[in-house]
Structure formats: structure tokens, C-alpha cells
Amino acid sequence: MKVGKNFLFFLLFISPLCSAQTPSNEVRKFLKFDAPVIALTHARIIDGNGGATQLDRTIILRGDKIEAIGDSKLVIPSDAKIVDVSGHTVIPGLVGMHNHLMYTASTQTDEDEKLPPPGFLVTELAFSAPRLYLASGVTTMRTAGSIEPYTDINIKRLIDTLKMPGPHIDVTGPYLEGKESIFPQMLWLNNAEHARQSVAFWAGQGMTSFKAYVNISEAELGAAIKEAHKQGLKLTGHLCSVDYRQAANLGIDNLEHGPVFTDSEFVPNRKPDTCPSGRDIAASWEKLEISGPEVQGLIAHLVNKKVAITSTLPVFESFVASRPLLSKRQAELMSAESLRSHLHARSGAATNPQAVAAREAALKKEMAFELAFVKAGGLLIAGPDPTGNGGVLPGFGDQRGIQLLVEAGFSAAEAIQIASANGAKYMGLLQQFGTVEVGKRADLVVLKGDPSQRIKDIENVEMVIKDGRTYDPMKLINSVKGMVGIR
């Protein structure tokens with residue numbers, strides 16, 4: 001019997017029936033309460049469908065499902081724990097689609113500000129990242145590339161069996177990278193058959209998605225996509241040697257970051273299977289208008305091929321020295337070396353006013369591309385990518401990403417939809433989660449304030465409900481102070 005791609009992904013990704021399990025003591029200490037029936041009363045709802053805000057609603061949760069939503073006349077079960085959320089907004093749990101369990105702990109430059117061998121290293125955040133994602137309202141995430149694959153798989157298992165707190169996880173396999181990468185922790189492919197074998201092996205180990213990286217060749221990428229689809233799984237890519245149009249023609253499902261920083265197709269005299277410099281890519285996009293025929297043609301091609309784009313605006317913003325620094329609360333979460341490294345990188349980026357202006361312009365152009373892509377019918381999903389110069393923290397970056405989407409021209413409701421329902425839709429699991437609707441999984445975020453009027457209120461997380469269990473975000477955050485960059 002041939003198994004459909006979405007069905008197989010559902011079997012691999014969906015957790016065991018967590019609601020039927022007993023949380024460990026390690027999970028219980030982060031719960032505000034764990035009631036079998038909950039009634040959230042006087043709620044303002046932004047439901048994730050992109051529509052109007054619902055006012056003064058009651059939401060009944062039973063077990064791990066949303067049982068009912070209604071007005072003040074809705075009958076509340078006698079055994080329900082009633083939680084008055086007047087003055088608060090309920091949104092779907094965020095679905096982070098570029099949410100690593102790793103982080104740039106240090107840029108590791110030498111005395112000449114160069115990157116010495118073995119290259120760029122990142123740190124696995126097996127302890128702090130899951131807690132920060134959950135505390136920030138992320139109830140489902142894709143790792144979008146792994147540097148410790150067995151760690152990532154086991155973290156998912158520990159979360160699914162309620163031995164540790166964290167989101168539902170789509171575990172992405174090790175990066176599929178070409179030769180001579182600056183990242184020694186990535187898999188360097190030898191040829192197309194090596195790419196195929198790698199996808200087949202890691203699918204067998206429990207990976208539920210795959211990601212190609214910048215130096216992969218066209219033949220290797222094609223082989224990886226074909227094998228992933230054979231396994232019933234999807235493949236995304238942060239590409240460079242292969243451009244967006246080539247990847248779409250090969251059948252790629254998703255492209256990371258958006259093209260302004262990563263699509264090499266407009267670089268003059270580009271060599272096949274060779275990644276141009278970041279400067280060359282930036283220069284090629286400086287000359288293009290989003291409304292022009294080249295970019296509009298690219299958008300039409302991606303939409304026609306049903307290729308999703310992942311918005312990762314926070315990681316690019318962190319390189320723009322004119323943009324805000326980390327908040328005090330975020331700085332307190334970082335290790336001393338992580339904070340030093342990030343501030344050093346930011347100070348260096350501020351020395352050239354022309355470079356600052358160029359980076360700001362590129363960020364604005366990427367925002368304009370994402371808005372145009374959605375208006376043309378493209379599927380935009382979101383995630384912060386906590387790498388780069390260390391200025392994007394797990395969870396906090398997801399919240400910032402929603403704010404930047406609003407800056408790009410999306411409404412608050414549309415930005416929340418991109419960061420929740422669209423991710424579930426890409427996974428083929430929108431019928432299970434991603435919106436605040438009856439019958440769906442009880443994955444919700446309770447925010448103080450109204451992000452439809454003041455988007456910064458997306459940061460005011462007071463409760464996170466995952467599988468019907470209500471977590472205390474401040475307890476989760478306080479448990480990892482000083483650890484981001486270490487564990």
C-alpha cells in the first residue's frame with residue numbers, strides 16, 4: 001500500500017497521547033495548573049485565520065482539545081477550572097519553522113578578526129532552548145537543521161513523554177551541505193548518491209524533515225529531494241550554489257530566509273554549483289525592484305511550484321547596527337561569552353555608516369518581497385533562526401519576527417497567522433493545530449494586552465497552554481538565566 005506523504009508525516013511527527021500520560025516532576029514544577037477541564041472567560045481571540053478579532057469569548061478546553069468556543073451565554077461545565085482572562089488576548093500556539101536547538105555561542109574570531117580553523121561552531125542548547133521556546137508561546141517547532149541529531153531526536157522523545165518541558169518538535173536531519181563548508185559540524189556530501197543515502201538513513205532514525213545548505217550541488221539537491229519525497233517527508237533549503245528557480249524546478253518544498261540574502265540567480269557570470277560571495281548576492285539584489293519583472297517572475301514561479309518561503313527577519317535585523325539591541329531580560333539569559341561576542345559583533349557593524357544603511361535597505365527589501373509573495377498567493381511561514389551573531393534568542397526571536405512582519409505591512413492578525421496556522425498548513429497538519437478552533441489541539445497563548453492594537457504586546461506572555469496543560473512562562477525563563485550559549 002502506498003502511504004501518502006502527509007499521512008506518513010502525521011504518524012512520525014504527532015506525539016504520543018500526552019494528555020493520557022502523567023507529567024514528571026520536572027514538568028510539573030513549571031505548570032501553573034493542570035486541570036482536566038478549563039474555561040477561559042472574557043477572552044479576546046485572534047484565532048490564527050487572519051480575520052477580525054473576537055471579543056468577550058469563552059473557550060472550553062477538555063483534556064488536550066478545544067471543546068467549545070462561545071459568547072458569555074456558553075454553559076461552562078461544572079467541573080471546569082474557570083480562568084478570567086479579561087484584558088488579555090488568546091492566540092494559537094506559535095508554530096516556529098526555523099527554530100534551531102542550537103545557537104551561536106561565540107563568533108570565535110582571532111586577533112585579526114578572522115575565523116580560524118576549524119571554522120564556525122555552534123552550541124547545542126538541549127536544556128535552555130526548549131524552555132525558552134515554550135515560555136515565549138512556541139508550542140510546535142521545526143529544528144530546520146541539526147548539528148547534534150541524536151540529541152535532537154532524544155529531546156523530542158523526552159518532551160513527548162512529559163519528562164521535560166518544551167514544544168512539539170519536527171526534527172530536521174543533519175544539514176545536507178557541499179564540500180569545504182565553513183561549518184565543521186555539518187555533513188559534507190561527496191556526490192548525489194551520498195545525499196540520497198544520508199536522507200534515507202536519517203529518515204530511518206526518526207527525522208521528520210530535511211534541510212539542504214549553501215554549497216550543495218544541483219545533482220545532490222535533486223537526489224536529496226527525491227529521496228525525502230520517497231520517504232513521505234519534506235525538504236527545505238538555505239541555498240546559494242543552487243538558486244531559487246533551480247531548486248523549485250527540482251521540487252523543493254520550502255526555501256529559507258527569502259531571496260534578498262540567499263538567492264544567487266541574479267549574480268552576473270555565476271558559475272554552476274558555486275556559491276557566490278554574500279557581497280555579490282547583496283549587490284545583485286540592490287539593483288532589483290520588487291515590482292520589477294525579474295522579481296515578479298521569480299515570485300510567480302515559486303507560487304506556481306508551491307514552494308513555501310520561511311521568513312527569518314530577526315536574524316537579519318541583528319546585523320543592522322541601527323536596530324535595537326537586546327533587552328535587559330534577554331541579556332540576563334545569555335552566557336558572558338555569548339553576550340560579549342554579540343556586542344562585539346554589533347559594535348564592529350556600526351563603524352561603517354554606508355554598510356549600516358545598506359543592511360537596513362536590504363532588510364526592508366526582504367520585507368517588501370515577503371509582502372509581495374503573500375499577495376501573489378505564496379505560503380509564508382516564520383521562524384527566527386537563533387544563529388548569526390548571537391543576537392536572536394530562542395522564543396524571543398519568534399515574538400520579534402511577528403513584530404517585524406507587521407513592520408513589513410502585514411496586519412497583526414496576518415502576522416500571527418503566518419507564525420501559527422501557516423506553519424501547520426505547510427506540515428499538512430492544519431486540521432490538528434495552528435488556529436483557535438473547536439476540535440483542535442489545546443495549544444494556546446494568553447497575552448496581556450491586545451497585539452492587534454499594539455504589536456509589542458505579543459511579548460506579554462502570561463500563560464502558555466500546550467496539550468491542555470498551562471505553563472508558567474516566567475518560571476521557565478528564570479530557570480535558564482545565564483545559560484544561553486552554554487546548555
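The values are calculated or read from the model by the stated rules, or taken from the named source; none is laboratory data. None of the values given here were measured: they were computed from a predicted structure. Quick reminder, even Gly has a Cβ in these numbers, built from the backbone with ideal geometry, and neighbours come from all protein chains shown.
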message = Looking at region 281-300 only, could you name the residues that are modelled with pLDDT of 95 or more, outside any loop (DSSP other than H, G, I, E, B) and not β-branched (Val, Ile, Thr)?
response = Ser284, Trp285, Pro293, Glu294, Gln296, Gly297, Leu298, Ala300
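Only one of these is crowded, with 22+ Cβ neighbours inside 10 Å and closer than 27 Å to Gly222 by Cα: Ala135, Ala200, Ala129, Ala195. Name it. Walk me through how you get there before you give the answer.
Numbers: Ala135 fails: closer than 27 Å to Gly222 by Cα; Ala200 fails: crowded, with 22+ Cβ neighbours inside 10 Å; Ala129 fails: closer than 27 Å to Gly222 by Cα.
After applying the criteria, what remains is Ala195.
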ask   = What is the residue count in region 55-64 for residues that are surrounded by 17 or more Cβ atoms within 10 Å (Cβ to Cβ) and not in a loop (DSSP other than H, G, I, E, B)?
value = 6
task = Any chance you could count how many residues in region 141-167 are assigned to a loop (DSSP other than H, G, I, E, B), under 20 Å from Thr387 (Cβ atoms) and of a type outside the set (Val, Ile, Thr)?
result = 5
request  = Filter region 56-103 down to residues that are of a type in the set (A, V, I, L, M) and over 30 Å from Met141 (Cβ atoms), then give me how many there are.
outcome  = 4
note = Thr387 meets each of (1) touching a residue at least 60 places away in the same chain (Cβ under 8 Å); (2) assigned to a helix (DSSP H, G or I); (3) among the hydroxyl-bearing types (Ser, Thr, Tyr) with one exception, condition (2)
note = If we take region 178-269, then helices (runs of 4 or more DSSP H) inside it with 3 or more residues that are more than 19 Å from Val122 (Cβ to Cβ), assigned by TED's automatic domain parsing to the domain that holds Gly119 and not aromatic (Phe, Trp, Tyr) are 192-204, 218-230, 244-250
ask   = Do any residues in region 395-410 that are outside the structural domain of Thr143 (by TED's automatic domain parsing) and free of Cβ contacts under 8 Å to residues at least 12 places away in the same chain have Cβ atoms under 9 Å from those of residues that are crowded, with 24+ Cβ neighbours inside 10 Å and small (Gly, Ala, Ser), where the two are at least six apart or on different chains, and which pairs are they?
value = none
task = Out of Lys156, Lys179, report the one residue that is basic (Lys, Arg) and modelled with pLDDT under 95.
result = Lys179
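Does Asp110 satisfy the criteria of being closer than 30 Å to Thr41 by Cβ and among the charged types (D, E, K, R)?
Details: closer than 30 Å to Thr41 by Cβ: no; among the charged types (D, E, K, R): yes.
No: the conditions fail for Asp110.
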ask   = Restricting attention to region 317-358, which residues are in a helix (DSSP H, G or I) and either buried (at least 23 other Cβ atoms within 10 Å of the Cβ) or basic (Lys, Arg) (or both)?
value = Glu317, Lys328, Arg329, Leu333, Ser338, Arg340, His342, Arg346
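Test His229 against the stated conditions and say whether it is surrounded by fewer than 20 Cβ atoms within 10 Å (Cβ to Cβ) and at pLDDT 95 or above. Show your work before the answer.
On the way: surrounded by fewer than 20 Cβ atoms within 10 Å (Cβ to Cβ): yes; at pLDDT 95 or above: yes.
Judged against the criteria, His229 is a match.
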ask   = Counting just the residues of region 24-48 that are part of a loop (DSSP other than H, G, I, E, B) and touching a Lys or Arg at 6+ places or on another chain (Cβ under 9 Å), which one comes out nearest to Ile477 (Cα to Cα)?
value = Phe30
